[in-house]
Amino acid sequence: MRIAVTGSNGKVGRAAVARLLADGHDVIGFDLDGTRGAGFTRVELSDYGQTLDALLGVTARHDGVDALVHLAAIPVNGLVPDATTFHHNMAVSFNVFHGAHRAGIRTIVYASSINAMGYPFDEPPPYLPLDEEHTAANNTYGLGKVLEEAMAGQLVRWDPAFSITALRFTNVVDEYSSFARAGELDYRRDLLGSYVDVRDAALAISLALDRASPGFEVYNVAASDTGLTIPSAQLAAAWFPGVPLRKELGEFETLLSIDKAADRLGYVPRHLWREN
């Protein structure tokens, strides 16, 4: 397939491009920064005209794409004022989703977030491990992610062939220096102890493209273990006393359920911090 990747020069974007190229796809990156050449076009995605035009075709780059991976965004709260984060990310996602619809692109995989599930969990989750049935926003970045999911769910109603997959990534890591704190009880509490290696994030993108079907689906993407040396059942009891467990936990099993991604996408994380 010919696949466009927005945010191709970001942490996940670079890994996704490398993975998709290794899978044998033709990849074109859209971002504000990148290496000049056949695999990249500079696009201001907050401009709908540029976005639609780039999706329809770019001379000397492509004459249409088969699928789209949307990763471009202001990645966290705090880099710019809150209202700027919200307005920018919502405008970009609308431009990309609606532009893809107008361009006849019927397969989108995009980055949602643990921020759409209640991060940083000052309000305890309703149960653990936490799955995709729970949606909550507690900051402006998360509010944007919740609304992006709602928008995607409506857009697929407009066309019975349209497929949009939201991947709720937790903290994506490409190095493990911070895991020296793995024995501290307060480490990664705001993430339910979770993390995901950037290579496994790229794997999830590849699998979601391969298994895409019409409609809208949401999948959690995390490592299969926590980022701590404290057993998961102890973490759950200490962090969220009284919150029910929906199953018996393995010793270091993730508290952010990846069962749906495993069952439907065949997602099995391959890069765990305790094996590095």
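Observations
- Length gained when the stretch Val268-Ala237 is fully extended (0.36 nm per residue, less Cα-Cα span): 8.5 nm
- Region 1-78 - percent of accessible surface contributed by carbon and sulfur, probe 1.4 Å: 49
- Ranked by how many other beta carbons lie within 10 Å on average, peptides 199-207, 108-116, 250-258 from highest: 108-116, 199-207, 250-258
- The trypsin sites (Lys or Arg not before Pro) of region 36-120 that meet both conditions, a loop assignment by DSSP and at most 14 other Cβ atoms within 10 Å of the site Cβ, are Arg36.
- The angle between the Cα long axis of helix 198-210 and the longest principal axis of the Cα atoms of the chain comes to about 60 degrees, rounded to the nearest 10.
- Residues of type lysines that Lys247 reaches as a straight line, Cα spacing below 21 Å, ignoring anything fewer than 8 places off in the same chain: Lys260
- Degrees between helix 82-103 axis and first principal axis of the chain (Cα, 0 to 90, nearest 10): 50
- Solvent exposure of the chain amounts to 43 Å² per residue of accessible area, where only protein heavy atoms count and the probe is 1.4 Å.
- Peptides 176-188, 68-80 ordered by average Cβ neighbours within 10 Å, highest first: 68-80, 176-188
- For the chain, calculated [θ]222 nm from helices alone, where every DSSP H run of n ≥ 4 adds -39500 (n - 2.57): -10000 deg cm²/dmol
- Scattering from the chain was approximated by placing one identical point on each alpha carbon and applying the Debye formula without solvent; log10 I(q)/I(0) at 0.07, 0.10, 0.14, 0.16 1/Å stands at -0.24, -0.50, -0.96, -1.23.
- Among His62, His87, His101, the order of accessible area from largest down is His87, His101, His62, computed with a 1.4 Å probe on protein heavy atoms.
- Region 222-262-region 105-184 distance, computed between alpha-carbon centres (Å): 18
- Take every DSSP beta bridge whose two residues both sit in region 126-276; close to 10 percent of them are antiparallel.
- Angle in degrees between helix 11-22 and the longest Cα principal axis of the chain, rounded to the nearest 10: 70
- The order of the peptides 52-58, 118-124 by mean Cβ neighbours within 10 Å, most packed first, is 52-58, 118-124.
- Measuring nothing but protein heavy atoms, the accessible surface of region 160-276 at 1.4 Å probe radius is 50 percent carbon and sulfur.
The values are calculated or read from the model by the stated rules, or taken from the named source; none is laboratory data. Note that the structure is predicted; figures quoted are calculated from it, not measured. Neighbour counts are summed over all protein chains in view; Cβ atoms, including those assigned to glycine, are modelled from backbone coordinates with ideal geometry. Accessible surface is based on the protein model in full, side chains and every heavy atom, while ligands, DNA and RNA are left aside. Shrake-Rupley method; radii C 1.70, N 1.55, O 1.52, S 1.80 Å.
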